[in-house]
Structures are given as C-alpha cells and as structure tokens.
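Values quoted throughout were computed directly from the atomic coordinates according to the rules given, and no laboratory measurement underlies them. Owing to the predicted nature of the structure, the values given are computational and were not obtained by experimental measurement. In this analysis, Cβ positions are derived from the backbone assuming ideal geometry, glycine residues included, and neighbour counts consider all displayed protein chains.
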Amino acid sequence: MLELRNLSKTYGLGDDRTSTIVALDGIDLTVEEGEFVSIIGPTGCGKSTLFEVIGGLTDATEGRVDIDGDRVDGPDERIGMVFQDHSTFPWLSVIENVAFGLRMNGVSKAERRERAHEMIDLVGLSGFEDASPTELSGGMNQRVAIARTLVMDPDIILMDEPFGALDEQTRLIIGNELLRIWRETGATILFVTHNINEAVQLSDRIAVMSARPGRFKTIVDNDIPRPRDDDTMSTEAFNDLVQRLWTELKSESRKGMEQQEGRTVTAGSEADS
Amino acid sequence: MSVRAAVVRRMDGIDSVRVGQFLVPVGVLVVWQALVGVTSGVAFAGPAATFSALVGGIEAGWLATGLRRTMTELVVAYVLAVVAGLWIGVALGSSDFWSDVFEPILIGTYSIPKVTLFPMFLFVFQLGMDSKIAFGWFHGVFPVAILTMSAMTTVSDEHLKVARSLRLSRWQTFREVIVPSILPGLVIGLRLGFNLTFLGIVLGEMFAAREGLGYTLVEFIAGGQIDRIMAIIVVLVAVAAVVNVGFFALESRLGARERTADIRM
C-alpha cells in the first residue's frame, strides 16, 4: 500500500530565493496493493514533480510517502520508475538495458540473463535481445524501459507519461500490453499522464490535478468492467467518464496555459472564474 | 557521405580516397628528395641517408635509449593528464554554473603559448624527468578537460534519473552512464591531449634535459648531423602517427567527429 500524506513542494526562484513557486500543495492519496491509479492534470501542474517526489528523486518540502507504513526516503528499491522518453541506454543492447539494474546490484550473470529474458518475453520483445535501442521504434524502446523496471521486481511502479511521445495507434496497443503485464504481475501502478482516454483505458481510479499549485481536485472511481478492449472505448460508459474528466480538467487546463504564457493569475481574476 | 559522393568515390571499382591516401606519402618522399637537392644536403638529409642513420641509431643504441626515456615521460604525463583532465571536466561539467565560470578561463589558459612558462617548470621540478612530465601534463590536461566538460552537456538528464532511481553509486554512475555518454567527445579530447602532451615532452627535452629524443636532437643540431636529426624526426612522427590512426579509427567507430563537429579545437 502506497500512501501519500500531505505532500507539498515549494521551489525557490531567483538567486536570493525570495520568490517561490508552490508546485505541490497538500497531496493525499492511498494506492492499494495491485491497484492501477492514474494522475491526470494540465501542463505544468506539477505531475512530474509529484512523480519525482514519490520516486525519491526530489525531496518534498512537507509531508511524507509511505509504503506499508514504512517511510520512503530517497530512491527506494520498492519503487520502480519508468520515465517519459529516451531513457534507454543507446550504448547497451536490449538485454543489457533490461539487465542493467541487476548488474549494478551485483546479481550473478546467469540469474541476470534468466530474469532479463523472462521480462523481454513479458513485454513482447523476444528476438530483439541483441538489438540496439537506436534500431528500435519509440514504442519498443518504452517496452525496454518497462522491462528494465519490472526486472527489479518493485512493489510499486511509477510511470511518468511513458507513452507521451508515441502515436495514438502505438499508444493504444502498448496500453493494452501494459494492462496484460499488470494482470500477469499483479503490480501496483501509479501512472502519470495528460491523456484522458489513456487514463480511462488503464486505471481503477483517476486523480485529477488542479493547475499550479498542484492539488487533487477530485479522485474518480473507474467502474468500467475489465478486461477492457478496443470495443470498450466506444461504449457510452467510457465516453461519459472521459467527458466528466474533461469537464473537471478544462478550467484547470486554461489556468495552466495562462501560467505557461507567463500571465499572472491575480487574486481578482481567480475570484472571477 | 551522400550516395552521389560514394558513387563518385568508387568509380571504376577504385576508391579514390584510398588512392589519395597512398599518393600523399609518395608525394612527400618526392618533395623530400627534391628539397635535399635544392638545399644541397645542408638542411635536409635524403630518405636513403635518413634510413641508414636510423639503422645506425638502432645498432648503436642511442635511438632506443632516447626513445625509452621519451616514452616513459610521455606515458606518465599522459596518464596523469587524462586522469586530471577527466576529473576536472566531469566535475565542472556537472554544474552549469561552474562550467560557465571556468570555460573561458580554461580556454584562455589553453591558448597561451605554454612554452613561455617552461622556466617555471624548470625551477620547480629541476632538470630531471619531473619537469618534462609536468610540462607535458600541462599541455595535455587542457584539451582533455575542455572536451570532457563540453561533452558533459550531452549526458541526458533522463539517464541520470534512471541511474538515481536504480540507486547507482557515484562511481557506478560515472563508469556506466557518464563515460559512455561522453565517449564520442572524450576520444577527441584524448587524441588532442596526447598530441599536446607529446609536444610538451619533446619541447621540454629540447630546452633542458640530459636524456630523451628531444635532448638528443639538440645535440645533433650542435654537431650538424642532419641525417641523425632526420632519423629522430622519423621516429617521433611514427609514434604520433600510430597513436593518431588508432584514435581516428576509434572516433569514426563512435561517430565522434560528426557529433561533435561544433567543437572547434
């Protein structure tokens, strides 16, 4: 069980650190074992900051992250992270990429090979063991990245827009693959995305983040029955949920865009909206 | 290389670049012999005379003695220059702030004629091997540091995050992520560093030494033994050529020159 308790993150700006940006403001979330939870939010809402805070790459200013009641302090072996894009090592082959973490942790060569092969099979890359990531498509590279994380056998898998750089068709296919992997491994997944369809396709629950300062505006249960296939995506229930999430997200996205464009949202204009 | 260029190069089944690479040394020999004629053998010894001086030097042993000394100094200075240059480059290149602060300073120091500083090296390290090693090191450390530092900008943040999330130690991150990332730029730095270290060593030996090929060269200048001077030059050129050909092969295998074409050095 992953618990986020009142997570906040404030960045200092400028040389004197007098002005600050509140990236995260009191994030609370409990993810049960084996659950698939997505976090959606507008650009610049602090999704990636949250991802890095949970993964222990960035310290929270306030609050804590617990796994089964045990505090996460820095990068943790119980957490596996899958990054956005271009995270495979181009100087290593596919199997070397997958076995990388095992090798760094002193796992024997025979065991590394066995476990890496197993994961390569699981993500559907059999036959590409000795290929270079530079020869593979973006989708296949993300499979390598997923296998590299899975092979470490983490309790919780964090994914930060892992399919963000893929075209829609590839994204759908690899999304289905991820669901299969999730079923087969029983992993707990916390999935960050800006894609509403993707969140509805994959998750048990969807947390909607507000524009900066990032907090959870609402957390929606996704009752659409599994297994969800391509036909599911044309059902009314699916579209209703997408619509509902989009309504939640729309005003936040507008605020996010204004922040991106550098327009200051003053207290007055916030009151108007 | 474009397809058209490849076709032009390989017309009639002959690789014109290979032919050119063969013809240039032949041309050098021809010009060499011509210069001997023009200067009536005072400034240049001919290929044949040089060759027999070379053989004579090997038989008499002075060539091997000098070469051994020079190579010892070169290897020690180069290894120290690489270790220090890598360390400086990675340390400064890890931070935008420090690389911005130090880049102009490093490049500025690199571009001064370092030979003017040789007296200081001589006073501090005396006449023996140490002053030559220090002087060679001082030549070689800059290109290694500068190219390592600029190659550090090619290390991907994502890769560093992967390293952190897999809880790699600092040393593991350096060896397994940073070094492979910077390798293309690094090999150029290693080659330039070698060439400059070599220059520094020979210069040092020519100015103030009692051994080494640079010293022997100056001795022969005093004696006007032009054929032996040429023999030494041939040996030095051979050492530089072998090492550089090795580096060039490594660079093209890594695609280094294409990727770091914007580094003007």
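Partner chain Cβ atoms within 10 Å, averaged over the residues of A:56-66 - can you pull that number for me?
Per residue, the number of nearby Cβ atoms from other chains is 1 on average.
Per DSSP H run of at least 4 residues, take -39500 (n - 2.57); add these up for chain B, divide by its residues and hand me the 222 nm value, nearest 500 deg cm²/dmol.
Per the formula, -26000 deg cm²/dmol.
Mind checking which of A:Glu35, A:Glu62, A:Glu52 has the largest fluctuation in a GNM of chain A, springs on alpha carbons under 10 Å?
Its mean-square fluctuation being the largest, the pick is A:Glu62.
Quote the Stokes-Einstein diffusion coefficient, in whole µm² s⁻¹, for the protein assembly as shown, based on the Kirkwood radius over alpha carbon pairs, a temperature of 4 °C and a viscosity of 1.567 mPa s.
For the chosen part, D equals 46 µm²/s.
FRET efficiency for B:Ile233 and A:Thr134, Cβ-Cβ distance as r, R0 = 30 Å, nearest 0.05?
So the FRET efficiency works out to roughly 0.10.
Could you work out the relative contact order of chain A? I mean the mean sequence separation of Cα pairs under 8 Å and 6+ apart, divided by the number of residues, in percent.
With pairs under 8 Å counted, the relative contact order is 25 percent.
In whole Hz and in residue order, list the ³J(HN,Hα) couplings for segment A:36-42 that follow from phi through the Karplus curve 6.51 cos²θ - 1.76 cosθ + 1.60, θ = phi - 60°; x for Gly and Pro.
Each residue of segment A:36-42 in turn: 10, 10, 10, 10, 10, x, x Hz.
Rank A:Gly138, A:Pro90, A:Gly124 by how far each Cα sits towards the positive end of the charge dipole of segment A:84-153 (+1 on Lys, Arg Cβ; -1 on Asp, Glu Cβ) and give me just the farthest.
A:Pro90
Determine the principal axes of the Cα atoms in segment A:45-106, then give the extent along each, sorted from largest to smallest and rounded to whole angstroms.
The principal-axis extents, from largest down, are 40, 30, 15 Å.
Taking the alpha-carbon centroid of each part, what is the distance from segment B:134-186 to segment B:54-102 in angstrom?
The distance from the Cα centre of segment B:134-186 to that of segment B:54-102 comes to 19 Å.
So in the protein assembly as shown, what percent of DSSP beta bridges are antiparallel if you round to the nearest 5?
If we restrict to bridges inside the protein assembly as shown, about 50 percent are antiparallel.
Could you tell me which trypsin sites (Lys or Arg not before Pro) in segment B:6-114 are loop residues by DSSP with no more than 16 other beta carbons within 10 angstrom of their beta carbon?
B:Arg10
With the crude spin-label approximation of a point 7 Å out along Cα→Cβ, what separation in nm comes out for A:Asp59 versus A:Asp73?
1.1 nm
Need one value for B:153-165: mean number of C-beta atoms belonging to other chains within 10 Å of its residues' C-beta atoms.
Per-residue shielding by partner chains comes out at 6.
Do you know the Lys pair count in the protein assembly as shown for C-alpha distances under 26 Å, with sequence separation 8 or more or different chains?
Taking the protein assembly as shown as the scope, the lysine pair count is 13.
Can you compute the modelled spin-label distance between A:Glu111 and B:Ala222, with each label point 7 Å from Cα toward Cβ, in nm?
6.8 nm
Which of the peptides B:198-209, B:136-147, B:237-248, B:89-100 is most tightly packed, and how do the rest follow, going by the mean number of other Cβ atoms within 10 Å of each residue?
Per-residue Cβ counts within 10 Å, averaged per peptide and sorted highest first, yield B:136-147, B:198-209, B:89-100, B:237-248.
Apply the Karplus parameterisation 6.51 cos²θ - 1.76 cosθ + 1.60, with θ equal to phi minus 60°, to every residue of segment A:4-10 and state each ³J(HN,Hα) to the nearest whole Hz, in sequence, with x for glycine and proline.
Those phi angles translate into 9, 10, 6, 5, 9, 9, 10 Hz.
For an R0 of 41 angstrom, estimate the FRET efficiency from the Cβ-Cβ distance between B:Asp157 and A:Thr185 and round to the nearest 0.05.
0.90
Under 1.5 on a/c is rounded, so check that first for chain B, then, if it is not, pick prolate when a/b is larger than b/c and oblate when it is not; a ≥ b ≥ c are the square roots of the alpha carbon gyration tensor eigenvalues.
In terms of gyration-tensor shape, oblate.
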